């Protein structure tokens, strides 16, 4: 239920200086186009190429869809505030944006699932098809969806219970929980506790499981006898771990701290890493460096040229 008497919020964004706004508009527009086109190519290539209908690419497909949803829920509105003086967003639109942004929880679970998939493929190659059968893939994707939707509903629902009766300026570039809590006229202790619990269970929990999977993968790589094989394997794992770290580090930093330590100016920059940068890097790290994926994308371009 909406207990708020505030009907709209004003999104402050990164800066109010026109010259900086123009520069940031170009930067974030390029980031959005790269993220959108890169992830859209992955979706089309995987759907249209039957040879890519394997567990690894199905998880990549899900990751690309999540990235498209999350970036699209944030960047277009942010770009609009940079172009015009209209920085307002309705209460309902703000809550919708919050819901879809928190579906990024699916990305955490997908990182863990993809790490587990690679662990099985590298450590148990002869049993891979049996262990990662279609039923297992559907189950893992179902669990991911349930966790993401539940996470979004819980946090959005708790925000909807709050009363906003005073200042309505969100000191951020989108509707984010910490700045919204600072505007509430109601007690926010339960919201802070639930954000902390979600960060412990989802962010730290998934990050730990992901690192464990890659730990086993690295141990298996060390048993590879050829130097070239080790180099290629370590190159792939290291790039994956860099992207995972870029995502988890700011998420954990943002939500696990006491509310009294928030600095919205600093947090805006940190938030960019997991809401905008990571979705842009995912296609490059997880897909474009993959030979089968590149072949699938080339087929898409070949089809479009005819």
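A few notes on this one:
- Using a Förster distance of 45 Å, the FRET efficiency for residue 291-residue 154 (Cβ separation, nearest 0.05): 0.65
- Just checking the listed ones, 276, 141, 33: in the Gaussian network model of the chain with Cα springs under 10 Å, the one fluctuating most is 33.
- Our summary gives the chain a relative contact order of 29 percent, counting only alpha carbon pairs under 8 angstrom and 6 or more residues apart.
- Cα-based shape type of the stretch 128-208, given that a ≥ b ≥ c are square roots of the gyration tensor eigenvalues and the cut on a/c is 1.5: prolate
- Remark: the stretch 4-52 is approximated by an ellipsoid whose semi-axes, taken from the C-alpha gyration tensor as √(5λ), come to 36, 19, 5 Å, largest first.
- Here each label is just a point 7 Å from Cα along the line to Cβ, and for residue 222 and residue 186 those points are 5.2 nm apart.
- Net lengthening on full extension, residue 266/residue 212 (0.36 nm per residue, minus Cα-Cα): 16.4 nm
- Against the chain, whose longest principal axis comes from its Cα atoms, helix 291-305 is set at around 70 degrees.
- Inverse mean reciprocal Cα-Cα distance (Kirkwood Rh) of the stretch 62-111, Å: 11.7 Å
- Relative contact order computed over the stretch 1-87 (Cα-Cα under 8 Å; 6+ residues apart), in percent: 40 percent
- Whole-number percent relative contact order across the stretch 119-185, with pairs defined as alpha carbons under 8 Å at least 6 apart: 23 percent
- Its Cα gyration tensor gives the chain an equivalent ellipsoid; the semi-axes, largest first and in whole Å, are 36, 22, 18.
- Residue-averaged 222 nm ellipticity for the chain, from DSSP H runs of 4+ at -39500 (n - 2.57), nearest 500: -23500 deg cm²/dmol
- For the stretch 149-298: Kirkwood Rh in Å [reciprocal of mean 1/r, alpha carbons]: 18.0 Å
- Degrees, to the nearest 10: 227-256 long Cα axis against longest axis of the chain: 20 degrees
- Counting other Cβ atoms within 10 Å as a rough exposure proxy, the listed residues 70, 137, 185 run 185, 137, 70 from fewest neighbours to most.
- For q = 0.17 Å⁻¹, Debye-computed log10 I/I(0) when each Cα of the stretch 186-227 counts as one equal scatterer: -0.60
- A Förster radius of 45 Å combined with the Cβ-Cβ distance from residue 7 to residue 129 puts the calculated FRET efficiency at roughly 0.20.
- Along each principal axis, Cα extent of the stretch 78-216, largest first, Å: 62, 36, 26
- Taking the C-alpha atoms only, the angle from helix 134-160 to the longest principal axis of the chain is near 10 degrees.
- The alpha carbon convex hull volume per residue for the stretch 126-173 rounds to 97 Å³.
- Computed FRET value (nearest 0.05) for residue 51 with residue 200, which takes r as the C-beta separation and R₀ as 35 Å: 0.30
- Seen from every direction in turn and averaged, the convex hull around the alpha carbons of the stretch 1-100 projects onto 8.3 nm².
- Where N is the number of residues in the stretch 15-167, Cα Rg divided by 2.2 N^0.38 Å: 1.30
- Extension gain for the segment residue 231 to residue 165, taken as residue separation times 0.36 nm less the Cα-Cα distance, is 17.9 nm to one decimal.
Only the coordinates and a few stated rules stand behind these numbers; no lab work does. What you see is a predicted model; the values in this text were computed from it and never measured. For neighbour counting, all protein chains shown are included, and Cβ atoms are generated from backbone atoms with ideal geometry for every residue, glycine included.
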